[in-house]
Structures are given as C-alpha cells and as structure tokens.
1. Residue by residue through region 148-193, note down the ones that are touching a Leu at 6+ places or on another chain (Cβ under 9 Å), within 16 Å of ALA24 (Cα to Cα) and of a type in the set (S, T, N, Q).
2. Going by the structure shown, is VAL203 over 28 Å from LEU342 (Cα atoms), surrounded by 14 or more Cβ atoms within 10 Å (Cβ to Cβ), among the β-branched types (Val, Ile, Thr) and modelled with pLDDT of 95 or more?
3. Counting just the residues of region 215-241 that are under 17 Å from the mean Cα position of the chain (by Cα) and among the small types (Gly, Ala, Ser), which one comes out farthest from LEU342 (Cα to Cα)?
4. Considering LYS13, LYS33, LYS96, which residue is under 17 Å from the mean Cα position of the chain (by Cα) and either surrounded by 14 or more Cβ atoms within 10 Å (Cβ to Cβ) or more than 30 Å from LYS184 (Cβ to Cβ) (or both)?
5. If you check LEU274, LEU208, which single one turns out to be touching a residue at least 60 places away in the same chain (Cβ under 8 Å) and farther than 25 Å from THR17 by Cα?
6. So which residues in region 211-239 are of a type in the set (Ser, Thr, Tyr) and either part of a strand (DSSP E or B) or touching a residue at least 24 places away in the same chain (Cβ under 8 Å) (or both)?
7. Helices (runs of 4 or more DSSP H) wholly in region 53-143 with at least 1 residues that are of a type in the set (Gly, Ala, Ser) and either farther than 30 Å from TYR182 by Cβ or at pLDDT below 95 (or both) - which ones?
8. Pull out all pairs, ordered by first then second residue, where Cβ-Cβ is under 6 Å, the residues are six or more apart or on different chains, the first lies in region 317-338 and is modelled with pLDDT under 95, and the second is surrounded by fewer than 16 Cβ atoms within 10 Å (Cβ to Cβ) and in a strand (DSSP E or B).
Amino acid sequence: MAIGLPSINISFKELATTVKERSARGIIAIVLKDTKALGFNEIHEKEDIPADLSVENKDYINMALMGNVNAPNKVLVYVLGEEEEVQSALDFLETKEFNYLCMSKAIEADKTVIKSWIIKLRDTDKVKVKAILGKVAGNHEGIINFTTEDTLVGTKKYSAEEFTSRIAGIIAGTPLSQSITYTKLSDVIDIPKSTKADAESKVNNGELIIIKEAGAIRIARGINSLTDLTEEKGEMFQKIKIVDTLDIIHSDIRKVIIDDYIGKVTNSYDNKCLLIVSIKSYLEELEKSALIESNSTVEIDFEAQKSYLKSKGIDLSYMTSQEIKEANTGSKVFLKATIKALDAMEDIDLSIEI
C-alpha cells in the first residue's frame, strides 16, 4: 500500500482556498527610467514610493496602486538609469513573482524586447506572466495591447504607453469572478471621440481601448492582443479573465509539483494516481467557486505514455490498456487535464414583448 502524498494534498488544499483572494490582488511590475532610486523597489502603499523619484514616475506608480475592485497586492518597480537597456530590468524581474508588467515610457525598441521576453517566459519557460504595452500588435494572449491615446486625467493627457500602469492596476485589482469589461474609470475626464464602428474594429483587432458608454468612461472589453485563433487557442483565449484563470491554475499546480513532488516522490503508478486525485480535488474547489465549469478531468495521458514506451523499444502489442497505464516510465510523468474556465456576463440579449 502506498504511503501517499500528504504534503501535496495539503498544499493543493491551501492554494484552492486562497485562489479568489490571490486573484483579486495581483502583483504588478513596472519598469521606469530615472536618475534616482535606481534598481529594485517594492511598494505596498503610497508611503513606500521613493521620495527622490521624479514627479512623473511617482504618478505612474500611484496610478497602478489605484487598482479596481481592490488595490493590487504590491507593485515591483525597477528603475533603470537613463542610458540602461530594458533587458537589465527584465533579467532582474525574472527572479521575482509577478502577474503583469508595464513600462510607462517604453519606446518601440523596449516594446519589442518586452514582447519577446513575455512570449518566451510563457511559451518556453511556462511562467505565466503578462505585459500591458502601448500600441503593440502582439497577437498573443500574454500581450495586452492598450491603444487609447490622449486620455485626460485632471489636466494631464496620457499617451497609451503612460496609461499602461493604470490599466495594469485595474486588471490586478479585479477578482477572477469578474472581468474588466465596462469597468468605469471615474478618474478619467475625457478621451478622444470615436465612433462605435471604429471601437468595434479596434476590439476585433485585439486592442484594449477606453470608450464612452452609458454616461461614463469605461474599458470597452477585457481582451488581450490574440487575433490569430487556432484549435489549441480559440476565442476564449482572447479574454483576459479566462487567461488569468488558466494561468493561476497552471501556476498553482506547477508550484506544488516543483516544491513537493519532483525529486521527492517515487514515480510509481500508485503515486501518479494519488497526484491525480490531489489535482482533481484542487480543481473541484475551483468548480465550487464558479471559476471553472464542473466535470473537469485529470488522468494519465494514455497516448503520450504509449509514445514514450514505444520510444524505449517496448513491445506494446501484448499489453492491455491498464498495463500501459501502469508501466514504468522512468522519471517521466504523463498527465492531461480538461478544464473549461467560466467567463463573466458581457453580452446580454434581452427581448421584451408587451
């Protein structure tokens, strides 16, 4: 009889019970340029902002701290010298935990570097972070393309790049039970005029924009820059809320496996089954919280396991399906899950007949 994986069960239970709380207060990373307070600064409230930063840079941090439903958990600020390359900040931030990155004064070269870095982290390193960039056709779920120019707050107009810290704060301060679609920006006084057709065209082009709707200035729709859809990434992957939900699930499961499983547990069939049960119990808690649809599944990836065994020269012709599942796979573990994240109400058709 297997001893079991008690630490993994406990870790998954703890993460499952805090998903809503953690998702409601994300972590923002901001890259700035200045002559003072160079390097890394961790900010939890206004009083933590370095006093010798420029007035402009203090403003960008304060915009991020505004949040939305909640304030963000914290803001990680990396201040570069005027001549430093953005890659220096990214190399440092790669060692930190955060959810959303922005650079308030990013030039085109900076945006190109940040875009490539985010896509590498997500697709290659499996670190699920995102960036809010001004006017970048990212065509990727990890890149949020904010394009509204000349946003008037008080007496100052902000470029798309400058306003990304405010957008990052809004996203980081929105719980997974909600989307940022139609979020009211009470601090914004005015935006450039735009027709409904123009706004719809921009949204369809993967642009996050601000519009005037129902007597207020609001986020048009909570989307990222993904436009080229595939079988693996359909239209649901265009929604910030959906991607955030899938990202936190991925990060939680990955964290527990790295901390409590890899190198610490023998790779027996029994232990694989116990890991499956632990992951399933975590997903069931998210189902109860209405973050994902019910009936999510976790199981041994039968086809991947077959392919691995064949690659090792093992004759499968005399093996039953169960024997293939129970076969020794060395240090490899092949699992697959089916999860459907729940969206927020955004499109409502109401027909009333009298």
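The values are calculated or read from the model by the stated rules, or taken from the named source; none is laboratory data. Because the structure is a prediction, the values reported are computed rather than measured. Backbone-built Cβ (ideal geometry, glycine too); neighbour counts: all protein chains shown.
1. Across region 148-193, the qualifying residue is only SER177.
2. Numbers: over 28 Å from LEU342 (Cα atoms): no; surrounded by 14 or more Cβ atoms within 10 Å (Cβ to Cβ): yes; among the β-branched types (Val, Ile, Thr): yes; modelled with pLDDT of 95 or more: yes.
So VAL203 does not fit the description; no.
3. Here the answer is SER225.
4. Numbers: LYS13 fails: under 17 Å from the mean Cα position of the chain (by Cα); LYS33 fails: under 17 Å from the mean Cα position of the chain (by Cα).
Criteria check complete, one pass: LYS96.
5. Step by step, each of LEU274, LEU208 is checked, and only LEU208 is touching a residue at least 60 places away in the same chain (Cβ under 8 Å) and farther than 25 Å from THR17 by Cα.
6. So the first thing to find is which residues in region 211-239 are of a type in the set (Ser, Thr, Tyr), and the list is 225, 227, 230.
Those that are of a type in the set (Ser, Thr, Tyr) and either part of a strand (DSSP E or B) or touching a residue at least 24 places away in the same chain (Cβ under 8 Å) (or both): SER225, THR227.
7. 86-93, 108-123
8. Once the first residue is modelled with pLDDT under 95 and sits in region 317-338, its partners that are surrounded by fewer than 16 Cβ atoms within 10 Å (Cβ to Cβ) and in a strand (DSSP E or B) give THR338/THR297.
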